[in-house]
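Beneath this line is the structure, given in structure tokens, with notes to follow.
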Amino acid sequence: MNIIGPDELIFGVTDAAAAEQFIADYGLLPRGQGRFEALDGTAVIIKAADDPSLPPKTLDTANMLRKTVYGVADEEALRAIAEELGRDREVKHLPDGSLECIDDVGFVLGFKVSGRRPVNLPAERVNAPGDLNRPVNTPISPSSGPGEQPRPRTLSHVVYFVPDVERAEAFYTHRLGFRVSDRFIGMGPFLRPAGTIEHHTLFMIKTPPHMQGCEHFTFHMGGPGELLTAGWNLAHKGYQSYWGPGRHRFGSNWFWYFNSPLGCHIEYDADMDLHDDQWVPREVPAETDMSQIFLFDWREKWAPGGPPPKAE
């Protein structure tokens with residue numbers, strides 16, 4: 001099935017104003033009615049928890065993610081999904097042409113023909129001895145000045161807390177054609193659908209039932225310089241850094257996580273590995289050294305000769 005990846009994440013939150021302010025400060029562009037987009041049109045949609053347009057709450061936990069909407073390549077892919085999942089569950093055909101159903105562990109899913117727009121922007125370029133690829137007299141600057149906000153380019157992935165991770169993995173791999181890229185033994189798999197070569201668009205973490213829900217989601221930035229700039233801006237606005245900045249081992253992506261008013265963490269990421277069907281998944285214990293190659297702590301900016309930066 002030609003599923004590309006998540007196009008929209010729809011939240012029902014307790015404080016819509018705070019959530020909208022946060023997601024705008026994160027760098028997504030407001031499009032009205034609680035919709036905030038990356039440069040390619042992938043989006044987070046914020047609604048009040050009691051908004052009647054939301055699908056019914058399916059999890060008896062603090063989870064605020066009400067629906068994950070996957071973009072697919074075409075109408076043929078939509079028909080294949082409806083036929084496959086309709087064998088054993090209700091698949092709703094919504095007025096906008098999308099599908100809606102519930103996966104095997106209780107998460108609400110949507111499927112629609114992807115509305116992603118091409119993003120024709122250069123990536124950050126690196127000069128290194130033996131591989132010079134940034135032109136002469138071209139300094140690198142992820143933003144044009146203090147306070148400038150690098151914009152997220154596309155929705156990267158979502159991470160679920162799941163009690164029965166084996167059952168959840170079987171649903172996505174056997175029913176929807178996802179493939180395992182790598183696995184943390186005893187924790188869960190990194191999964192990618194057939195329509196992308198990104199390392200993962202879904203990761204699942206085994207947890208007790210009362211914790212089930214969205215752990216975090218993230219958007220891709222144009223490179224580590226943009227990620228660090230965007231993260232510094234967010235931290236400087238008073239939002240709490242949760243983990244990072246650093247670089248993951250599986251996926252190789254740079255990361256920086258923050259607490260959010262959406263009932264989950266939010267991440268910036270950049271420079272993720274790409275894999276095709278020839279890739280052989282790795283399996284390692286879920287240990288600290290396997291989770292990150294390196295990890296920094298955020299500090300206030302400072303200049304030589306001034307007082308040392310204050311730890312946050």
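Odds and ends about this structure:
- Whenever a residue of region 31-47 is free of Cβ contacts under 8 Å to residues at least 12 places away in the same chain, its partners that are of a type outside the set (D, E, K, R) and in a loop (DSSP other than H, G, I, E, B), lying with C-beta atoms within less than 8 angstrom and at least six residues away or across chains, give the pairs E37/L28.
- Taking the criterion of being part of a loop (DSSP other than H, G, I, E, B) and under 15 Å from S241 (Cα atoms), the residues of region 264-300 that qualify are C264, F296, D297, W298, E300.
- A270 being touching a helix residue (DSSP H, G or I) at 6+ places or on another chain (Cβ under 6 Å) and not charged (D, E, K, R): yes
- Single match in E267, E287, E226, E283 (criterion: more than 28 Å from I140 (Cα to Cα) and either hydroxyl-bearing (S, T, Y) or in contact (Cβ under 8 Å) with a residue 24 or more places away in the chain (or both)): E283
- Residue within region 149-158 that is under 24 Å from I4 (Cα atoms), of a type in the set (A, V, I, L, M) and in contact (Cβ under 8 Å) with a residue 12 or more places away in the chain present: yes
- For G244, the criteria (1) at pLDDT 95 or above; (2) under 24 Å from L65 (Cβ atoms); (3) surrounded by 15 or more Cβ atoms within 10 Å (Cβ to Cβ) hold in every case but one, which is (1).
- Verdict on L234 being at pLDDT below 95, closer than 11 Å to Y268 by Cα and not aromatic (F, W, Y): no
- Filtered residues of region 158-183 (kept if acidic (D, E), part of a helix (DSSP H, G or I) and more than 21 Å from T196 (Cβ to Cβ)): E166
- Every pair of residues 6+ apart whose Cβ atoms lie under 6 Å, when the first sits in region 61-78 and is in contact (Cβ under 8 Å) with a residue 40 or more places away in the chain while the second is surrounded by 17 or more Cβ atoms within 10 Å (Cβ to Cβ) and among the acidic types (D, E): V69/D7; V69/E8; G71/D7
- Restricting the first member to region 105-130 and to residues that are at pLDDT below 95, and the second to residues that are among the hydrophobic types (A, V, I, L, M, F, W, C) and part of a loop (DSSP other than H, G, I, E, B), the beta-carbon pairs closer than 6 Å and six or more apart or on different chains are V119/L39.
- Residues considered: T42, T58. Of these, the only one that is polar (S, T, N, Q), within 22 Å of S114 (Cα to Cα) and in contact with a strand residue (DSSP E or B) (Cβ under 8 Å, 6 or more places away or on another chain) is T42.
- Within the option set E100, E90, being surrounded by 12 or more Cβ atoms within 10 Å (Cβ to Cβ), out of contact with any Ser or Thr (no Cβ under 8 Å at 6 or more places or on another chain) and of a type in the set (D, E) holds for one residue only, E100.
- In the set (1) assigned to a helix (DSSP H, G or I); (2) free of Cβ contacts under 8 Å to residues at least 24 places away in the same chain, the condition left unmet by P135 is number (1).
- For region 126-137, the criterion of being surrounded by 17 or more Cβ atoms within 10 Å (Cβ to Cβ), within 28 Å of H216 (Cβ to Cβ) and not basic (K, R) is met by no residue.
- Taking the criterion of being crowded, with 24+ Cβ neighbours inside 10 Å, more than 10 Å from W254 (Cα to Cα) and within 15 Å of the chain's Cα centre (by Cα), the only residue of region 218-230 that qualifies is F219.
- Considering residues of region 64-84 that are assigned to a loop (DSSP other than H, G, I, E, B) and either surrounded by 15 or more Cβ atoms within 10 Å (Cβ to Cβ) or small (G, A, S) (or both) only, the residue farthest from the chain's Cα centre (by Cα): A73
- Conditions (1) within 29 Å of L274 (Cα to Cα); (2) surrounded by fewer than 19 Cβ atoms within 10 Å (Cβ to Cβ): number failed by A38: (2)
The values are calculated or read from the model by the stated rules, or taken from the named source; none is laboratory data. All figures in this text were calculated on a predicted structure; none of them were measured in a lab. Please note: Cβ atoms are built from the backbone with ideal geometry, for glycine as well, and neighbour counts cover all protein chains shown.
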